[in-house]
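*Asks:* Have a look at the structure that comes next, please.
The values are calculated or read from the model by the stated rules, or taken from the named source; none is laboratory data. Everything numeric here is computed off the predicted structure, so don't read it as measured data. Neighbour counts are summed over all protein chains in view; Cβ atoms, including those assigned to glycine, are modelled from backbone coordinates with ideal geometry.
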Amino acid sequence: MIYVEQAKILSQTPFAAEQFIVRLHAPQCARHAEPGTFVHLRCDDLLPMRRPFSIMRTDPEAGWIDILYRVFGEGTRLLSRRRAGEHLSLLGPIGKPFVLHERYTRPLLIGGGVGIPPMVFLASTMAARPGPYQPLVLMGSEVPFPFQVRPSQLLLPGLPPEAIATMPLLEAWDIPCRLSSLQGYPGCFEGYVTGLARPWLDSLSSEQRATVEVFACGPHPMLAATAALARDYGLPCQVSLEEFMACAVGGCAGCTVPVHTADGVAMKRVCVDGPVFDGASVFLP
């Protein structure tokens with residue numbers, strides 16, 4: 001079910017490169033959101049068209065959700081000017097989430113840029129759920145990361161020794177994380193995030209590799225490279241697509257993408273048929 005709420009802004013935290021994390025009091029959305037789902041926000045009364053944003057964190061008890069965004073156009077610029085105490089019209093949670101499978105106990109989470117939030121949400125779900133999961137989170141960005149980067153205290157065989165930078169929040173959850181960039185940031189792997197994943201996969205035995213499932217969200221080229229990575233190693237892969245949306249509830253069909261099914265190519269709506277799809281069905285060889 002999609003809920004309509006007047007979400008109160010609890011905080012608006014700025015980061016480098018015009019990035020922000022806004023915390024919204026939206027109890028219904030916080031209670032029902034799952035990793036991979038998103039919200040549709042009216043950023044300002046002056047802008048009637050809503051904007052879609054991935055959910056990064058939730059607290060169902062306190063009733064808040066966190067959204068990470070970067071100023072890109074007029075909508076996000078207006079959103080960045082909103083202050084604590086103000087309200088935003090919110091629709092959510094929307095879309096089909098990532099699905100965890102207990103047979104794949106080594107989830108590999110890959111996030112790029114504003115595709116990082118769903119990976120944080122998915123990791124938090126694994127951290128809170130008793131189970132066999134041993135996730136690894138890899139993040140890439142070409143602008144400064146929207147958190148204080150620190151050296152990891154969690155050793156992880158198979159990764160380049162120079163790749164030691166991590167996200168402290170994930171480290172606090174005892175989830176290993178490594179960062180990559182082409183900008184020369186200290187402690188980050190110099191290259192694409194998929195290039196960071198390959199040596200780790202190569203370090204696994206065939207039995208260990210059989211327990212890996214890939215989850216990804218980020219720019220289209222990164223998702224295509226991630227799907228190719230999964231294909232090279234014979235791994236299942238779920239991707240969360242990012243598309244411009246008008247209604248976000250399936251009515252306008254403005255966010256359709258071709259998806260390969262058993263019956264041929266079908267046009268699927270990212271908002272309600274996704275945003276999560278099987279990577280192999282979206283990105284063919």
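*Asks:* Return the total of residues in the stretch 39-89 being of a type in the set (A, V, I, L, M, F, W, C), within 19 Å of the chain's Cα centre (by Cα) and crowded, with 20+ Cβ neighbours inside 10 Å. Break it down into steps so the answer makes sense when it comes.
*Replies:* Step one: of the stretch 39-89, the residues of a type in the set (A, V, I, L, M, F, W, C) are 39, 41, 43, 46-47, 49, 53, 55-56, 62, 64-65, 67-68, 71-72, 78-79, 84, 88.
Checking which are within 19 Å of the chain's Cα centre (by Cα) leaves us with 39, 41, 53, 55-56, 64-65, 67-68, 71-72.
Next, only the ones that are crowded, with 20+ Cβ neighbours inside 10 Å stay: 39, 41, 53, 55-56, 64-65, 67-68.
Here the count works out to 9.
*Asks:* Residue by residue through the stretch 250-267, note down the ones that are within 20 Å of the chain's Cα centre (by Cα) and within 24 Å of Leu100 (Cβ to Cβ).
*Replies:* If the condition is that a residue be within 20 Å of the chain's Cα centre (by Cα) and within 24 Å of Leu100 (Cβ to Cβ), then Val257 is the only one that fits.
*Asks:* Is there any pair with a first residue in the stretch 13-25 that is surrounded by 21 or more Cβ atoms within 10 Å (Cβ to Cβ) and a second that is of a type in the set (S, T, N, Q) whose Cβ atoms are under 9 Å apart and which are 6 or more apart or on different chains, and what are they?
*Replies:* The qualifying pairs are Val22/Ser11; Val22/Gln12; Val22/Thr13; Val22/Ser80; Arg23/Ser11; Arg23/Gln12; Arg23/Thr13.
*Asks:* Right, something else. Out of the residues in the stretch 1-38 meeting the condition of being charged (D, E, K, R) and within 18 Å of Ala84 (Cβ to Cβ), tell me which one is nearest to the chain's Cα centre (by Cα).
*Replies:* Arg23
*Asks:* A further question on this structure: Can you name every residue in the stretch 121-162 that is part of a helix (DSSP H, G or I) and among the aliphatic types (A, V, I, L, M)? Full working, then the answer.
*Replies:* Step one: filter the stretch 121-162 for residues part of a helix (DSSP H, G or I), giving 121-128.
Selection gives Leu122, Ala123, Met126, Ala127, Ala128.
*Asks:* For the stretch 231-254, how many residues meet the condition of being β-branched (Val, Ile, Thr) and more than 24 Å from Val4 (Cβ to Cβ)?
*Replies:* 1
*Asks:* Just need a number here: residues in the stretch 168-200 that are touching a residue at least 40 places away in the same chain (Cβ under 8 Å) and either surrounded by 15 or more Cβ atoms within 10 Å (Cβ to Cβ) or small (Gly, Ala, Ser) (or both). Break it down into steps so the answer makes sense when it comes.
*Replies:* Narrowing the stretch 168-200 to residues touching a residue at least 40 places away in the same chain (Cβ under 8 Å): 169-170, 173-183, 185, 192-194, 196-197, 199-200.
Subset that is either surrounded by 15 or more Cβ atoms within 10 Å (Cβ to Cβ) or small (Gly, Ala, Ser) (or both): 169-170, 173, 175-181, 185, 192-194, 196-197, 200.
So the count comes out to 17.
*Asks:* Scan the stretch 151-164 and give yes if some residue there is surrounded by fewer than 17 Cβ atoms within 10 Å (Cβ to Cβ) and at pLDDT 95 or above, otherwise no.
*Replies:* At the first step, the residues of the stretch 151-164 found to be surrounded by fewer than 17 Cβ atoms within 10 Å (Cβ to Cβ) are 151, 153-158, 160-162.
From the residues that got through so far, the ones that are at pLDDT 95 or above too are 151.
Yes - at least one qualifying residue is present in the stretch 151-164.
*Asks:* Which residues, counting only those in the stretch 105-133, are loosely packed, with under 14 Cβ neighbours inside 10 Å and in contact with a Ser or Thr (Cβ under 6 Å, 6 or more places away or on another chain)? Spell out the reasoning first.
*Replies:* So in the stretch 105-133, the residues loosely packed, with under 14 Cβ neighbours inside 10 Å come out as 128-132.
Residue satisfying the conditions is Pro132 alone.
*Asks:* Can you tell me how many residues in the stretch 258-272 are in contact with a strand residue (DSSP E or B) (Cβ under 7 Å, 6 or more places away or on another chain) and charged (D, E, K, R)?
*Replies:* Looking only at that region, the number is 2.
One line per residue, one yes/no per condition, for (1) closer than 22 Å to Ala224 by Cβ; (2) over 22 Å from the mean Cα position of the chain (by Cα):
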{"site": "Leu155", "(1), (2)": "no, yes"}
{"site": "Ala165", "(1), (2)": "no, no"}
{"site": "Gly195", "(1), (2)": "yes, no"}
{"site": "Trp200", "(1), (2)": "yes, no"}
{"site": "Glu207", "(1), (2)": "no, yes"}
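*Asks:* So, one more: Collect the residues in the stretch 1-49 that are in a loop (DSSP other than H, G, I, E, B) and under 26 Å from Gln238 (Cα atoms), keeping them in residue-number order.
*Replies:* Here is the first cut: in the stretch 1-49, the residues in a loop (DSSP other than H, G, I, E, B) are 1-2, 16-18, 26, 33-37, 42-43, 45-46, 48-49.
Scanning the stretch 1-49 gives Met1, Ile2, Ala33, Glu34, Pro35, Gly36, Thr37.
*Asks:* Then there's this: Only residues that are within 20 Å of Ala30 (Cα to Cα), not in a loop (DSSP other than H, G, I, E, B) and not β-branched (Val, Ile, Thr): list them for the stretch 80-105, please.
*Replies:* His87, Leu88, Ser89, Leu90, Leu91, Gly92, Pro93, Lys96
*Asks:* Of the numbered conditions (1) touching a Gly at 6+ places or on another chain (Cβ under 7 Å); (2) among the basic types (Lys, Arg); (3) without any contact (Cβ under 8 Å) to a residue 12 or more places away in the chain, Lys96 fails exactly one; give the number of that condition.
*Replies:* Among (1) touching a Gly at 6+ places or on another chain (Cβ under 7 Å); (2) among the basic types (Lys, Arg); (3) without any contact (Cβ under 8 Å) to a residue 12 or more places away in the chain, Lys96 violates only (3).
*Asks:* May I pose another question? Any residue at all in the stretch 176-185 that's under 24 Å from Leu223 (Cα atoms) and in contact with a Lys or Arg (Cβ under 6 Å, 6 or more places away or on another chain)?
*Replies:* Of the residues in the stretch 176-185, the ones under 24 Å from Leu223 (Cα atoms) are 176-185.
Still in the running and in contact with a Lys or Arg (Cβ under 6 Å, 6 or more places away or on another chain): none.
No, because not a single residue in the stretch 176-185 is under 24 Å from Leu223 (Cα atoms) and in contact with a Lys or Arg (Cβ under 6 Å, 6 or more places away or on another chain).
*Asks:* Next question. Evaluate the stretch 36-50: report whether one residue or more is out of contact with any Gly (no Cβ under 8 Å at 6 or more places or on another chain), free of Cβ contacts under 8 Å to residues at least 12 places away in the same chain and either farther than 23 Å from Leu122 by Cα or not assigned by TED's automatic domain parsing to the domain that holds Leu79 (or both).
*Replies:* Looking through the stretch 36-50, at least one residue is out of contact with any Gly (no Cβ under 8 Å at 6 or more places or on another chain), free of Cβ contacts under 8 Å to residues at least 12 places away in the same chain and either farther than 23 Å from Leu122 by Cα or not assigned by TED's automatic domain parsing to the domain that holds Leu79 (or both).
*Asks:* Something else now. Given the stretch 216-285, what strands (runs of 3 or more DSSP E) lie entirely inside it while holding 2 or more residues that are aliphatic (A, V, I, L, M) and at pLDDT below 95?
*Replies:* Qualifying strands (runs of 3 or more DSSP E): 256-261, 264-269.
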